[in-house]
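Read-outs throughout are calculated quantities, based only on the coordinates presented, and are distinct from any laboratory measurement. The model shown is predicted, which means the values in this text are computed figures rather than measured ones. Cβ placement follows ideal geometry from the backbone for every residue including glycine, while neighbour counts extend to all protein chains displayed.
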Amino acid sequence: MQNRSIVQIIQEKVAQCLASEFNFTIEPNDVVVNETKKEFDGEYTVVIFPFVKALKMSPPQIGEKLAAALINGSDIFKNSNLVAGFLNLEMSDSAWQTELLRVSQDESFGVFPKNGKKIMIEFSSPNTNKPLHLGHVRNILLGVSSALIYEALGYEVIKTKIINDRGIAICKSMYAWEHYSNGETPESSGIKPDHFVGKYYVKFNEILNEEYSNWQKSDNANALIETKGAQAHREDFFKKYKNNYFNEYSQIGSATKQMLLDWEDNKEETIALWKKMNNWVYAGFDETYAKMGVNFDIIYYESETYKLGRKYVEEFVEKGLFYREEDGSIWIDLEDVNLDKKILLRSDGTSVYMTQDIGTAKQRYEDYGIDSMVYVVADEQNYHFKALFEILKRMGEPYSEALFHLSYGMVELPTGRMKSREGTIVDADDLIAEVISEAENSVKEKGGLEELTDDQKSNIYKQIGLGALKYHMIKVNPKKKMIFDPKESVDMQGQTAPYIQNAFVRFKSIERKLGELKTDIDYSAYTLHPLEKDLIQSISKYPEIVKEAGQQFDPSALANYSYNLAKQFHKFYQELRIITAESEEAKQFRIALGTEVAKVLEKAMGLLGIEMPERM
RNA sequence: GGUCUCGUAGCUCAACUGGAUAGAGCAGCUGCCUUCUAAGCAGCAGGUUUCAGGUUCGAGUCCUGACGGGAUCACCA
């Protein structure tokens, strides 16, 4: 990127005038320049209030003098008006022309120079016992777009996921498959392999539930109810007791736990089964990732990282940062920063979640020498990450000031939270298939693509359907929990990706009709329409939006920006002619303007992982 | 109960991080296709920003309290 934007120039002029007229020094960046509200004349507004105190003058006094100085001192201002403490500035046509030219000549507009820094972004991070669902989709979209945004900001980005491939959950699927599948495989059943494994996870729970409800009628259970005095609320009691039952009484529970022990002992056949089933899951996941356009630079497996933190914990006990309880367990006291005492190693010497995360963080730093690290994880883990970051800080890790938890709100349905028990989990593959087929219906109903090949058409269905889904999820500020209405996710009207894509497509359609372009038309004396100024103003601020989206880890800023730009373009398109414009200057100017709008739309949506079709 | 977090139109979301009369979309109602793709445009209607105080030139945004949701407080991950 090169040169200064029109806003930066205004800030500089204001700072200069404040210095020359009032002998007041201010950094140009600190001058507040807003877009002027529609009901006033002008395009940019300088807020005077902040200077009032320092200058000991009233807002009108400052405003009038400043306005006079600005307009006399430069030909970029055409006019001004002062309302209360707001100085509204009307920019000259030549200023807008210059701005459009600047944008169009900047090959890397909105792409910042390489800054030599490495950032690692962890997202997706699934368990291997069931397929991806709606919650993962939000996570993945945030991870992907954050990665793209940081690349545009000049970082070297390393995308990673850590797969939870071990533990009791996967053993459940393994157990159920071993005992109830009759050797069925994804190939033999024709089921997508991750769904296939998920099917056996469900199967396990069915069997467990059956076993449990039988047990509830047993003498054992009755005696237990008696001793706990829970006769009055039996059902409630059993609901809460399920985990205890699994650990203490259940037949398949103990068989599954044995499987986990065998796995830890590296028992050959258990490992073989584990690998077989996990590989099925990975094959399934990869299909889903491919459909969403996701890839990773490095994958970490918990089966490999779960032992990592232990030696550091021991090391820092010696340094006095952690302490050992009498039973041998190791802790850190974080109560002085409003967190609790956290356990870091169990009394039997085995690791907990926190131990692994400490080890993995150090491992990643050793692997890549990263400058910062982002964890895309739902906000239910806020507490955990606060504690983790505090611990790494106290350990004096060099990257500990550059850790960020991209904490996002849970996805809920209009009927409430998704519950596997109630079968309300929205499956990622189903959802993707549905939005694509909805896009297909919509295109066919509308017509106009008949001359394209089947491949081209199916590609367009994907671009529209996936665009709609991705946009629908990413337009919401990540921090907020979102209510996902499946009906609305396939909408193609209003604030949606297809609306934005359509603005792009409309201009592409014009481009195709233009034929050979005359490049020698001089439109520098052309008088701009207000709608054209609006568009230039919007395009101009695109780099700032990218920066903001990155700094705030908020891709929704780009989603909203894209929508507003598309909306302005649709209005422009509706009210002004391009090919049949009133003059050759107008035509050329509008083509130049439309070209830049289309480019920015494509870039902005690109940073959200959304593609633009040429036609739709 | 402790800690954190959220509360904006019937619904889903914005509001440039303290700036002007709080904006969009959906849903509802009116208009606009022999003219560059109507997945569009123009318009109507919809609000005491949960409530009560405070801070200041100025508060949806900051502080205090109340009410109402959510998350979390395991030798689970």
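Suppose a student asked you for the relative contact order of chain A, using Cα pairs under 8 Å spaced at least 6 residues apart; what percent would you report?
Relative CO of chain A lands at 14 percent.
Using the Cβ-Cβ distance between A:SER58 and A:LYS114 with R0 = 56 Å, the FRET efficiency computed as 1/(1 + (r/R0)^6) comes to roughly 0.70. Listed by chain and number, the lysines whose C-alpha is less than 16 Å from the C-alpha of A:LYS38, apart from same-chain residues fewer than 8 away, are A:LYS533, A:LYS567, A:LYS571. Taking Lys and Arg as +1 and Asp and Glu as -1, the other residues whose beta-carbon sits under 12 Å from that of A:GLU302 total 0.
About its Cα centre, what dipole magnitude does chain A give when the only charges are +1 on Lys and Arg Cβ and -1 on Asp and Glu Cβ, stated in debye to the nearest 20? Please list the in-between numbers first.
Numbers: 74 positive and 94 negative charges, 149 e Å.
So the magnitude is around 720 debye.
Against the main long axis of the alpha-carbon atoms of chain A, helix A:193-215 sits at an angle near 50°. With R₀ set to 30 Å, the beta-carbon distance separating A:ASN338 from A:GLU268 gives a calculated FRET efficiency near 0.05. Taking amide hydrogens as placed 1.01 Å from N in the peptide plane, the amide H of A:ALA378 sits under 5 Å from those of A:TYR408, each at least 5 positions away in sequence or on another chain.
Going by a ≥ b ≥ c, the root eigenvalues of the Cα gyration tensor, does region A:158-225 fall in the rounded group (a/c under 1.5), the prolate group (a/b larger than b/c) or the oblate group?
Details: a/c = 3.80, a/b = 1.71, b/c = 2.21.
Taking the square roots of the gyration eigenvalues as a ≥ b ≥ c, region A:158-225 is oblate.
Every pair of different Cα atoms in chain A enters the Kirkwood calculation, which places the hydrodynamic radius at 28.6 Å.
The packing ranking of peptides A:592-603, A:186-197, highest mean first, is A:592-603, A:186-197, where packing means the average number of other beta carbon atoms within 10 angstrom of each residue.
Using the Karplus relation 6.51 cos²θ - 1.76 cosθ + 1.60 with θ = phi - 60°, the per-residue 3J(HN,Hα) values for region A:407-416 come to 8, 10, x, 5, 8, 10, 9, x, 8, x Hz, with x marking Gly and Pro. Listed values for region A:312-324 are Karplus-derived 3J(HN,Hα) couplings in whole Hz (6.51 cos²θ - 1.76 cosθ + 1.60, θ = phi - 60°), namely 5, 4, 4, 4, 7, 5, 4, 6, x, 7, 9, 9, 9, and x replaces Gly and Pro.
Taking amide hydrogens as placed 1.01 Å from N in the peptide plane, the amide H of A:GLY154 sits under 5 Å from those of A:PHE112, each at least 5 positions away in sequence or on another chain. Need one number: the % of Cα-Cα pairs in region A:167-270 sitting beyond the 18 Å mark. That fraction is 55 percent.
Farthest towards the positive end of the charge dipole of chain A, among the residues A:GLN356, A:LEU89, A:SER173, is the Cα of A:LEU89, using unit charges on the Cβ of Lys, Arg, Asp and Glu.
Here the simple spin-label model places points 7 Å from the Cα toward Cβ, and for A:ASP522 and A:ARG417 these points are separated by 6.9 nm. Treating the angle as unsigned and between 0 and 90°, give the value, to the nearest 10°, between the Cα long axis of helix A:542-551 and the longest Cα principal axis of chain A. So the inclination is approximately 30 degrees. Note on A:GLU210 and A:LYS38: with the Förster distance fixed at 56 Å, the Cβ-Cβ geometry gives a FRET efficiency of about 0.30. The length gained by stretching the chain between A:LYS547 and A:GLN574 to full extension, at 0.36 nm per residue less their Cα-Cα distance, is 6.6 nm.
For region A:234-328, report the % of Cα-Cα distances exceeding 16 Å. When all Cα pairs of region A:234-328 are counted, 76 percent exceed 16 Å. Positive contributions from Lys and Arg (+1) and negative ones from Asp and Glu (-1), summed over other residues with Cβ under 9 Å from the Cβ of A:LYS118, come out at -1. The fraction of Cα-Cα pairs per 5 angstrom bin, counted from 0 for region A:424-488, comes to 4, 16, 24, 21, 15, 10, 6, 3, 1 percent, rounded to whole percents.
Packing-wise, with mean Cβ within 10 Å as the measure, how do A:172-183, A:523-534, A:335-346 rank, highest first?
Working: A:172-183: 18.6, A:523-534: 15.8, A:335-346: 13.9.
Per-residue mean Cβ counts within 10 Å order the peptides as A:172-183, A:523-534, A:335-346.
This model, with +1 at the C-beta of Lys and Arg and -1 at the C-beta of Asp and Glu, gives region A:76-232 a dipole about its Cα centre of some 260 debye. Other residues with beta-carbon under 14 Å from the beta-carbon of A:GLN568 carry, at +1 per Lys or Arg and -1 per Asp or Glu, a net charge of +1.
Could you list the square roots of 5 times each eigenvalue of the Cα gyration tensor of region A:492-606, that is, the equivalent ellipsoid semi-axes, sorted largest first and rounded to whole Å? Don't jump to the answer; show the numbers that get you there.
Working: eigenvalues 139, 47, 29 Å².
With the √(5λ) rule applied to region A:492-606, the semi-axes are 26, 15, 12 Å.
Ranked by the mean number of other Cβ atoms within 10 Å per residue, highest first, peptides A:490-503, A:420-433 order as A:490-503, A:420-433. Within region A:52-144, the GluC sites (Glu not before Pro) that combine a DSSP coil assignment with at most 10 other C-beta atoms in a 10 angstrom radius are A:GLU107.
The angle between the Cα long axis of helix A:497-514 and the longest principal axis of the Cα atoms of chain A comes to about 50 degrees, rounded to the nearest 10. Can you work out the base-10 log of I(q)/I(0) for region A:46-90 at q = 0.30, 0.33 1/Å, using the Debye formula on its C-alpha atoms alone? Each listed q maps to, in turn, -1.05, -1.18.
One decimal place: the segment A:LYS78-A:ASP236 gains 49.4 nm when fully extended, by the rule 0.36 nm per residue minus the C-alpha distance.
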